[in-house]
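Report on the structure given below.
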Amino acid sequence: MYYEFYIDVYFLENLFMDLILIGITCRVLKIRPKAVRWMAAAIVGALGACALMIQPLHSGIWVIVLGDVLLGLLMVKIGCGVRQKKMLLKGIVTLYLISFLLGGIFQMLFSFLPLSVIVTGGISSLILVWLLDGYKKMKCRTQDIYQVTLSLKGKTEVMQALRDTGNHLKEPYGGRPVCITDSLSVKELVDDSVRIFYIPYHSVGKDAGILPGITFDYMIIAREPVPVRIEHPVIAISKEPVSIKGEYQMILNPLLIDE
């Protein structure tokens with residue numbers, strides 16, 4: 001008894017699945033992969049899978065295991081473009097977790113549906129992305145606190161900021177998302193020469209009003225794995241502290257950090 005093995009078909013199937021793996025891994029790590037890197041990583045993964053498949057049986061299981069780990073490292077390094085050791089390790093773990101989950105969904109569908117490998121892989125990836133997005137929404141990240149750096153006229157101020165899903169405030173002139181801080185937190189940055197405009201607001205259970213707003217030079221949100229830099233952010237200034245306990249000094253608009 002023997003099986004026919006087509007290396008070209010095996011390569012194309014692995015290429016397609018590796019494209020999916022890299023794409024979902026980058027999505028989880030919040031990295032936008034470049035098309036060239038994405039394809040290069042998938043090609044490396046597919047070639048490596050072919051090389052491991054044609055290894056003699058007497059090579060030993062450790063050759064296959066080490067080869068698989070090396071492939072994962074190369075795919076993350078090339079596809080996601082990460083260099084830091086911590087992020088590289090996180091990327092490899094994420095890649096193999098995604099591979100495990102995707103493989104489970106794939107096997108379940110392939111057992112019951114008479115579809116090709118590529119079609120089953122595509123459906124599996126859509127299901128996995130849907131599950132991951134659902135899990136992300138269920139985590140309820142309303143209490144996420146980030147370190148934020150505000151800059152104006154060469155001066156900077158570092159503070160803690162709360163990502164608040166209830167903050168939908170936008171300035172009326174261009175529709176840009178607005179963050180809120182208190183006057184005490186930015187007193188070293190703001191002087192009489194700073195141009196101020198006014199932003200109308202309305203909160204549940206309270207009367208409508210206006211807040212003074214300032215356009216800063218830039219704001220950096222220390223989000224992992226890559227900090228978010230916002231050019232010319234609009235910040236509304238409140239007379240009252242935004243946190244009674246002083247846990248944070250700014251309320252972030254979620255549109256700025258979830259993009």
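The values are calculated or read from the model by the stated rules, or taken from the named source; none is laboratory data. Bear in mind the structure is a predicted one, so any value in this text is a computation, not a measurement. Neighbour counts run over all protein chains shown; Cβ positions are idealised from the backbone, glycine included.
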Looking only at the stretch 78-127, count every residue that is among the hydroxyl-bearing types (Ser, Thr, Tyr), closer than 22 Å to GLY67 by Cβ and out of contact with any Ser or Thr (no Cβ under 8 Å at 6 or more places or on another chain) and tell me the total. 2
Do we have any residue at all in the stretch 176-186 that's modelled with pLDDT of 90 or more, of a type in the set (A, V, I, L, M) and within 30 Å of ARG83 (Cα to Cα)? no
With criteria (1) surrounded by 12 or more Cβ atoms within 10 Å (Cβ to Cβ); (2) assigned to a loop (DSSP other than H, G, I, E, B), SER193 comes up short on (1)
For ILE251, the lone unmet condition from (1) among the aliphatic types (A, V, I, L, M); (2) over 24 Å from the mean Cα position of the chain (by Cα); (3) crowded, with 18+ Cβ neighbours inside 10 Å is (2)
For the stretch 18-70, which positions are surrounded by 12 or more Cβ atoms within 10 Å (Cβ to Cβ), assigned to a loop (DSSP other than H, G, I, E, B) and of a type in the set (A, V, I, L, M, F, W, C)? ILE31
